[in-house]
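First comes the structure, then the notes that go with it.
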Amino acid sequence: MLRRLGCGLVSAILMVVAMKAAPPTIERIEPVGAQRGSAFRLDLYGSNLPSAARILSKLPATFTPLTPRASDAPDLSFLVELEKDAPVGIYPLRLETNSGLSNLWLLSVGEFPDVAEEETRMAGEPDQNGTPGFAQAVSLPSVVNGRLQGADRDVYRFEMRPDEDVTVEVEARRVGSAIDPVLRLLDAEGKQVAINNDDIGLGLDARLRFHSVEGGIYYAVVHDSTYSKQNIDFYRLKIGDFDFADGYFPLGGSRGEYVDVEWFGGSLSEPTTQYVDLADVEAGHRWTEIRTPGKPGALPATFVVSDRDEEFEGEMRDLTAGRIVNGRISAAGEVDRYELAVGGGQSWRIRVDAAGLGSSELYPLLSVYVGEKLLARAGDEIPEKGTTTLEENTFVSRDPYVHLQVPEGTTELTVVVEDLVARGGPGFGYRLLAEQGPADFDLVLDTPHVNIPVGGVAYVRASAVRQGFAGPIQLKLEETPDGIQVEGGHIAGAILTKDRVGVTSAGTLVLRADPSAALQTMTLRVVGEAVMPNGEVVRRRASGPGLVTAIQSRSGIRARQLPARADWLNADLPARVSASVPARLVVDGPAAARIVKGTEYPLRWKLVVDDPAIKGLSEFRLNTGGARETTFSPRDPEAEMDGSAFTKYLRTTMGGPEQKFDITLSAQVMVGGSEEVLSTPVITLEVVEGFEVKPDDETFSAAPGEDFLLAGAIDRDVAFDKEVTVRADDLPRGVSCDAGTTPSGMGRFELACRAAEDADQGLHEVRLTGSSVMAGRGEGKNVPYQVDPVTVTLAVDQP
């Protein structure tokens, strides 16, 4: 059932938020993977994991609940029996209870037998297997399920036969761990013979291939690249003779079609072509899996799927609007040129996908020419190594795009793709797309799943990755289930300084479950709508992260790193309407308000409970929805929090933009020794000008030697009642006007003007500027306040 929601001014105390009963949280699972066809005990550790919890998983296996073995046993245990033909790969798993959905974990199904790291299996102190002298012995082939507990390194001893090959690989970030692994290989004397960190196509995971001529004892060493302590610290060390490739080409294909994929490098002696059928890829899914040919053991690679026609670069090198070209910079210094037929005055978007897909080594430089003249360029800054996964900035490192206006008279553009530092090779593939239209944006979910308590609210955060589009965006649900109300979802407009990288802007969608809503699990689709400068309304569907694993710095404080995600799961938004408990966070004020620039607005809320054992607001979080030039602070820090009440003031700047944004508030309380989170409905605030100068006409007439009036209306916001002074600027020679002051409460202005006998005749642009004063943030202080001038035409001529 679809609903169109209005937004009205509701003054009274906001009705809010029954607090949800604590949803299940999985903090650790053991093991994190297993050999296909095997049966194993799966132990889950966490909080709020009742015995009645239900497993939701795509794992091809049966799950049988097991009785806890002792008081210190895991919170939940299952006997898992994997199907014999279960494909090697990564499978999602979560729990469902009446209190909500748990966070997602990933289980890796492998080709080789699994063993547990003895150090963690025996709950030993870190570094018990930290040197070759204390290395844990493993046989080949095998997969070790281990953990890096802080500044830890793990060493494993294995033996190779003469003239034997072995592939050693670490699965960590790809399967949801926060570890950034480094892999080293030592010989029997402890000499390093190989090292890898961030192998091609593995993101931040590591892999190496080694050939032993004489055989003997070797040691595999695993450690985190910064020896940091992570909350999610597991890894899977895979040692055996299996094949892998350094890359493949093309990087993607069209849904419903088939494509011949060439694998190259790695352990493959020569490039190998594989037939890939995309007929069964589900509609809306951007990713599918393809498997490396040869000896099995490697996890599948991700492959992009589109709903467009696709082709390969050819001799003609013509670009067709809306068609993806799969190209490759095959040699160092190679430059690919394409011709694009256009029309003068048209708007075009051109983008290259390469390194941002995780499957290409290309740092693409995209240039657009008219003849020999450079019209636009993107990607001309060298990105830091790993910026697509490591650095969290307003400007997100990603593949380049350009949005341009074709000069009048132009019928053809030349589009050039090359590597930024003139590299090249089989792994330097790309996907090039040109299409006519305005600037654009992509939409990604930052929330992996959501639990909506009956009678309460939950937040869904999404980010717009802007590709030239700077306007506001409205988040919505594609379909709203019965019993669910949708609020907020405003993503404020942004300031774009350059067309080189995507600029992210975040917003919060607030979901409210009616008191009568039934407990149920569902999948929601979040979309973003925006009005383009040409009036076109576009809608973009948000892609989900699958999971979100926060990355910690070495000191234990959250680093400025993007979390680990699993976008390849093609997830929308898993959601559950869950049970609630009697507590709520109440906001004293309207659900929507208009704020005049330069003023402040009080935000007050308090905890209301039906059970006196529920108390103690802490860990307060205020989300401002991407508002610009606004601050939040207490007027009196000592009085900011008073028991269960809390007050902050929103402060705006006079020179800031007009914008609409949402504020959401949440805080923690203690319930029976457990931390719970309370949330409020959205408060939508709109920052506006205090008044607007509206002339009576666009053109005023004056005759030399005569008096005349420049008049109009002062359109005041309801929150602004100061007197306004209007003056005329840029008057022609011989014309003068007195400033006009409109008292508080009045809505008209008149400027008495005179044109001298020798006044310059003709049409002149005149600016009408309105100004006032605002109360400053201090007793007796006033500050000037001015709105943007309005331009009118003054016609000076003989009567």
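The values are calculated or read from the model by the stated rules, or taken from the named source; none is laboratory data. Since we're looking at a predicted model, the values are computed, not measured. So basically every Cβ, Gly included, is an ideal-geometry build from the backbone, and we count neighbours across all protein chains shown. Note: accessible area is taken over every heavy atom of the protein model, side chains too, but ligands, DNA and RNA are not part of it. Shrake-Rupley method; radii C 1.70, N 1.55, O 1.52, S 1.80 Å.
Here are a few things to note about the model shown:
- Using distinct alpha-carbon pairs, which all enter the 1/r mean, Kirkwood radius of the stretch 703-748 in Å: 12.4 Å
- Dipole of the stretch 681-799 [Lys/Arg +1, Asp/Glu -1 at C-beta], most positive-end residue of L685, S772, P695: L685
- Computed over the chain, the range of Cα coordinates on each principal axis works out to 108, 76, 50 Å, biggest value leading.
- Area of Y235 that stays accessible when all protein chains are in place (1.4 Å probe, Å², to 10): 0 Å²
- Average accessible surface for the chain: 44 Å² per residue, computed with a 1.4 Å probe over protein heavy atoms with every protein chain in place.
- Cut-off under 5 Å, modelled amide H: who pairs with E27 long-range: Y45, G46, S47
- Taking all protein chains together and a 1.4 Å probe, the residues E189, E169, E689 rank E189, E689, E169 from largest to smallest accessible area.
- Only Lys, Arg, Asp and Glu carry charge here, each on its Cβ (+1 for the first two, -1 for the last two); on that basis the chain has a dipole of about 2060 debye about its Cα centre.
- Only protein heavy atoms count here; under a 1.4 Å probe, L208 has an accessible surface of about 10 Å².
- For the chain, carbon and sulfur atoms together expose 48% of the accessible surface, with a 1.4 angstrom probe and every protein chain in place.
- In this structure, the amide hydrogen of A298, modeled 1.01 Å from its nitrogen in the peptide plane, lies closer than 5 angstrom to those of D243, counting only residues at least 5 positions away or on a different chain.
- Taken one residue at a time, the phi angles of the stretch 698-706 give Karplus couplings (6.51, -1.76, 1.60, θ = phi - 60°) of 7, 10, 10, 10, 8, 10, x, x, 10 Hz. Gly and Pro are set to x.
- About the centre of its Cα atoms, the stretch 78-164 shows a dipole size close to 180 debye [charges on the beta carbon of Lys, Arg (+1) and Asp, Glu (-1) only; nearest 20 debye].
- Solvent-accessible ranking of M316, M746, largest area first, probe 1.4 Å: M316, M746
- Across the stretch 133-147, rounded Karplus estimates of 3J(HN,Hα) from the backbone phi angles (6.51 cos²θ - 1.76 cosθ + 1.60, θ = phi - 60°) give x, 10, 5, 7, 7, 9, 9, 9, x, 6, 10, 9, 8, x, 9 Hz, Gly and Pro being marked x.
- Alpha-carbon Rg/Rh ratio, for the stretch 213-311, with Rh computed the Kirkwood way: 1.09
- Look at the dipole of the chain built from charges on Cβ: of G201, V144, F249, the Cα furthest out on the positive end belongs to V144.
- Taking amide H positions as modeled 1.01 Å from N, with prolines and chain starts lacking one, the residues under 5 Å from D318 and 5 or more places away or on another chain are E339.
- The chain, relative contact order [Cα under 8 Å, separation at least 6], %: 10 percent
- A helix-only calculation puts the chain at 0 deg cm²/dmol for mean residue ellipticity at 222 nm, using -39500 (n - 2.57) for each DSSP H run of at least four residues, averaged over all residues.
- 3J(HN,Hα) along the stretch 300-312, derived from phi through the Karplus expression 6.51 cos²θ - 1.76 cosθ + 1.60 where θ = phi - 60°, amounts to x, 9, 8, 9, 6, 10, 10, 10, 10, 5, 10, 8, 9 Hz, with x in place of Gly and Pro.
- 27 Å Cα-Cα threshold exceeded, pairs from K476/K722; K58/K229; K229/K606; K606/K660; K229/K295; K84/K295: K476/K722; K58/K229; K229/K606; K229/K295
- Computed packing ranks the peptides 104-116, 190-202 as 104-116, 190-202, most packed first, by mean other Cβ atoms within 10 Å.
- Lys/Arg +1, Asp/Glu -1 at C-beta; the chain dipole; positive extreme among G483, L183, L362: G483
- Accessible surface of K373, taken over heavy atoms with a 1.4 Å probe and every protein chain present, rounds to 150 Å².
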